1. Give a quick list of GluC sites (Glu not before Pro) in segment 33-102 that DSSP marks as loop, anything other than H, G, I, E or B, with at most 13 other Cβ atoms within 10 Å.
2. Taking Cα atoms, how many degrees apart are the long axis of helix 80-89 and the longest axis of the chain, rounded to 10 and kept between 0 and 90?
3. Ignoring everything except DSSP H segments at least 4 long, calculate the 222 nm mean residue ellipticity for the chain; use -39,500 (n - 2.57) per segment, divide by total residues, nearest 500.
4. Count the lysine pairs in segment 3-118 whose Cα atoms sit under 16 Å apart, keeping only pairs 8 or more residues apart in sequence or on different chains.
5. Using a basic spin-label model with each label point 7 Å from the Cα along Cα→Cβ, how many nm lie between LYS11 and LEU55?
6. Using DSSP to define loop residues, name the trypsin sites (Lys or Arg not before Pro) in segment 1-92 whose beta-carbon has at most 12 other beta-carbon atoms within 10 Å.
7. Could you compute the FRET efficiency for ALA76 and GLU111, with r as their C-beta to C-beta distance and R0 at 35 Å, rounded to 0.05?
8. How big is the charge dipole of the chain about its Cα centre, in debye rounded to the nearest 20, if each Lys and Arg gets +1 on its Cβ and each Asp and Glu gets -1 on its Cβ?
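Just so it is clear, none of the values below were taken in a lab; they were calculated from the coordinates. Keep in mind that this is a model prediction, so the values were computed, not measured. Backbone-built Cβ (ideal geometry, glycine too); neighbour counts: all protein chains shown.
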Amino acid sequence: MSQLKVYQYPKCSTCRAAVKWLKEQGHELDLQHIAEQPPTVDELRVLVKHSGLPLKKFFNTSGEVYKELNLKDKLAGLSEDEQLALLSAHGMLIKRPVVSDGKQVTVGFKEEQYAEAWSKS
């Protein structure tokens, strides 16, 4: 059985659906509350690298914090380090859930994407 690290917000319905799906596949999960214990800048740097996604895909663009900080207009002008620091300081800015096995990373929850990444073979 593989153990997956899941950065999630327990009240988020998307996170709950992802956790349920992963458990049904037989994965052991290490759940981390993304608001109470957001990933560090170094953890985020590794997660972004392993995801193969651009850093902007890690931002929860529909969230309140994103809107409050007016990031729609500011994000492009921030350096990678500044963006990572923002994500680490405000866990609710991170698109969730983020799932990692240490080698690959998925962001958000789409069942087809999870089936490809996290199905047992």
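1. Numbers: sites: GLU36, GLU43, GLU64, GLU68, GLU80, GLU82; in loops: GLU36.
Filter output for segment 33-102: GLU36.
2. The answer is roughly 70 degrees.
3. Calculated mean residue ellipticity at 222 nm is -11500 deg cm²/dmol.
4. For segment 3-118, qualifying lysine pairs total 24.
5. My value for the distance between the label points is 2.9 nm.
6. LYS11
7. Once rounded, the FRET efficiency stands at 0.65.
8. Working: 17 positive and 16 negative charges, 56 e Å.
For the chain, the charge dipole is close to 280 debye.
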